Structures are given as C-alpha cells and as structure tokens.
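Step one of this worksheet: look at the structure below.
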Amino acid sequence: MYKKKNIGELLIDFGKISKDDLEEGLALQKEFNLRLGETLIKLGKVTRDDIEWVLSKQLDIPFVIVENISLDASLIHKFSEELLLKNRILPLYETNDEIAVVTDDPLNREVIESLEASSSKKISLSSGNGEQIEETLKQFFRRAGIPSLIQHIKDLLEKIEGTCFYRLDFLLGEHACEMNVFGYGIVKNIGVLRDTYTKEQIFEAFESLGIAFLFDLYTNETSMMFSIYPLIHRLETLKGPAVLGTFGLFHPDDTAFTDSQMQGLPLMFHSPVPVRGYPFIATKKTFSYSENTIFTTDSAPEDFSNYYVRIAVPRICRNCNGAGCITCNELGYEFPEKLEGMHSSDELKQRTEKDIPWPK
Ligand SMILES: [Zn+2]
C-alpha cells in the first residue's frame, strides 16, 4: 500500500535517494524545523521536481499550478489558519460531498483524514508547489483581517484631523491591538481591537487608504509597537511650508528616511493649512533646505526669538474633563486655538500654557 509509505521511502523506491540520504534527512529534519521533503531539498539530495514527479507518479493525482487562482474565502475560513499554513494545504472548492484541496504533501494522511472528519466531506487531493501554496495562504489571511482595520484607521484619522496628534501607535499583543495617538507630548489611548494584526496588515491598510507614511518599530518579548507617521499631504503641491520629518524613521520598505535623497526632502508633505497636529518648529538660520522647511518636533528650545510654529494647541475638554465625549471625538482634548507663524518662545509659553504646557 503506497499510502503507508512516506516521501522518503518513495524517493528510495524510485532511486532518487539512498538509505543513507534518508537517514541524514531524518536526522536533520528537526534541526531545520522542516518536513522531510524540504529537508532533502535543502541538503541537495533531491530537487522539488523530483518530489513532485514521484508523488504524481505514485499517487496519480493532478498537479495544480497555484498562481493567480481565485480563492473561496468562506471555504478557507472553515479551517484554521495554523493548520492550513503548517501543512501547506489550500482548499480550492467544495461540492455537496467533496472538498478539493491542493497540497505539497499528499502523503500527509493524518491531516487529510482530520480534514475529512471535521468537514464530513471527502477530501480530493491535488499536488502543487508548497512555497506557492504557503505564499497564497499567507496573502489570503493577511488581507482577510484588513477591512475592519482599515475602518478603524479611517475613523481614527478623522478624529485627529486638526488636532495636535500626528502619530498613531499600534501595540500588537498576542490577541489584541491597542491603539494610541501621540503629539504635543500627550499619549492618548483610543481603544483596543480584539484582533491583533501584523506589521504587513497595518502597512497594507494604510496603502489601501492611499496614505503614505513613515514608521518606527519597537519590540519587546511580548509585544511590538508600531508608530506610524502618516504623510497625509505628501502628494499636494507646495503651497505652504514643507515638513521635514523626525530622523530615525523608516519607509514601509524598511529603508531609513534619512537615506532618502536630501534626507527626505522629495518625500515631504506640504499643506497650506494646519493639519493633524504636528508641533512644528523651524529655523531659517541653521537649515537651508528651503525657506520654509518645518521640522517636526515635540519640544521647543527654551529660548528662541523667532521660530516658525504651527500647532493646534490642546486643552482638556471642558465638556467631559478629559474622559472622552462626543464634543471632543472621544479624545478628551479640544483644540480651539491654532497657532501658525513666527513666534518667540516667551510668546508661545504665554499663549499655550493653559492646561497643558508646551512640551519640553
Ligand atoms: Zn470631551
């Protein structure tokens, strides 16, 4: 019975590997944390074609090219992401009594049988390239969680329009995602999403909203924090002062912002009106990028006589005293005063030191 044989034994039967090769593969399998077939490929004992050839010869099942195939989302969601990814099984379609799947390991009887048991349908197998199956699954699950994330980000961006908040923080835990906004030295928690997301999903959400951004990433043992700096007005033509972002940030492709030509100058965003916070301080004395270059910063030098400042000045919401209400969009802060123009530090302190002093 071929079904009882594993891929190693089949490869021996077909003269593709020796018994020694098999033993070496079995010994190293654990160390590589790969399945036997993959281990043998990595060791150079066989090629992927060898394995697929042996399998199709032996099992007489069709070979499916897993590329640009349309996916049945509700079918895929019937199985756990972990199980499908781990075993590289991609469900293709289902009929009343059958579910067709493609896998790179049709000999994985135990898992196939568990699929049959859980779905109460016969699993009909085809074989396909494991890497393509894995990539297709990953892409599928990455996109699956995105619509609700996009909605949260959209809502959030609307909330912080015209405020001092210019940074969105996503704290990715194991089971939840906490969202904070930041600006003017204030960190404000604005909710916890029950699902957690990956870096890629967050990037994809911003991309599908058409919002360019820079990011910063911090990790510890249990969680990961992304700080996203949306460049909302990046594509507008220069009418007002330009903004040169804080250094140390990264583009979504992981290149450093500071590596950009002229330290990000072509990627700056511009707006003629105050946007989404950004406490800006600029100086014409020390920087020559442009007459009106504005630097994003959260702290002002102690003594300056004439700096360009653009800021929505926060004060604690009079209506809810900071708890969050409809008036303040649940932020707990209001922004009745917008400052823009050349200011001295003394003047700024006078005009901003109400509830919340200018951040130091
Ligand atoms: Zn309020």
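Computed from the coordinates by the stated procedures, all read-outs in this text should not be read as laboratory data. Since the structure is predicted, the reported quantities are computational estimates derived from the model, not experimental observations. Note that each Cβ is placed from the backbone with ideal geometry, even for glycine, and that neighbours are counted across all protein chains shown.
Net charge around S18, counting only other residues with Cβ within less than 15 Å of its Cβ (Lys, Arg = +1; Asp, Glu = -1)?
Working: positive: K16, K19, K45; negative: E9, D13, D20, D21, E23, E24, D50.
Net local charge, S18 excluded: -4.
Listed values for the stretch 222-229 are Karplus-derived 3J(HN,Hα) couplings in whole Hz (6.51 cos²θ - 1.76 cosθ + 1.60, θ = phi - 60°), namely 10, 8, 9, 10, 9, 9, 10, 10, and x replaces Gly and Pro. Of the cross-linked pairs K45/K86; K30/K57; K16/K199; K42/K199; K19/K121; K86/K159, those separated by over 31 Å at the C-alpha level are K16/K199; K19/K121; K86/K159. All Cα-Cα distances of the stretch 1-116, cut into 10 Å bins from zero to the largest, leave 12, 41, 33, 12, 1 percent in each bin in turn. Sorted fewest first by neighbouring Cβ atoms within 10 angstrom, V66, V187 come out as V187, V66.
What share of all Cα pairs of the stretch 1-60, in percent, falls into each consecutive 5 Å distance bin? Distribution as computed: 4, 21, 34, 24, 14, 4, 0 percent.
Once backbone amide H atoms are built at 1.01 Å from N, L214 has Y229, L231 as its partners under 5 Å, excluding neighbours fewer than 5 places away on the same chain. Sorted fewest first by neighbouring Cβ atoms within 10 angstrom, M342, M225 come out as M342, M225. Calculation over all alpha carbon pairs of the stretch 73-170 in 5 angstrom steps from 0 returns a P(r) of 2, 12, 20, 18, 12, 7, 6, 7, 6, 5, 3, 1 percent.
Taking other C-beta atoms within 10 Å as the exposure proxy, L28, L149 rank L28, L149 from fewest upward.
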